[in-house]
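Below: the structure, in structure tokens.
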């Protein structure tokens, strides 16, 4: 089964405030996750403040600045795709993602064709 792990950074997370040693440690831990067999890492998604959301309202296309959903607990910062034998494997990988230990979270969704 394929899973998408959505990585949410803590709302107040600022990597520029990490010491050089801590920054290298976090980078190495993300590197280890990305090197896990059956993982395909996605690009970082950029800052939420730079997002543009496109909607339809009364038959017209409407754009607005910012993310579609403003998560109170954190900001969607990236994702990885993971092919796992079961959900427990996906949970184990999610627990290794540094955002979890830094006050963020990882949301796991099964990925399958449904249309």
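The values are calculated or read from the model by the stated rules, or taken from the named source; none is laboratory data. The structure displayed is predicted, hence computed values, not measured ones. Cβ atoms come from the backbone with ideal geometry, glycine included; neighbour counts cover every protein chain shown.
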Exactly one of 22, 70 is over 16 Å from the mean Cα position of the chain (by Cα), outside any strand (DSSP E or B) and either exposed (fewer than 14 other Cβ atoms within 10 Å of the Cβ) or at pLDDT below 85 (or both), and that residue is 22
If I filter the range 81-92 for residues that are more than 25 Å from residue 28 (Cβ to Cβ), assigned to a strand (DSSP E or B) and in contact (Cβ under 8 Å) with a residue 12 or more places away in the chain, do I get at least one hit?
no
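Just give me the residues in the range 25-62 being part of a loop (DSSP other than H, G, I, E, B) and without any contact (Cβ under 8 Å) to a residue 24 or more places away in the chain, in sequence order.
If we filter the range 25-62 for residues that are part of a loop (DSSP other than H, G, I, E, B), which is where we start, we get 35-38, 42-47, 51, 58-59.
Listed by number, the residues that qualify are 35, 37, 46, 51, 58, 59.
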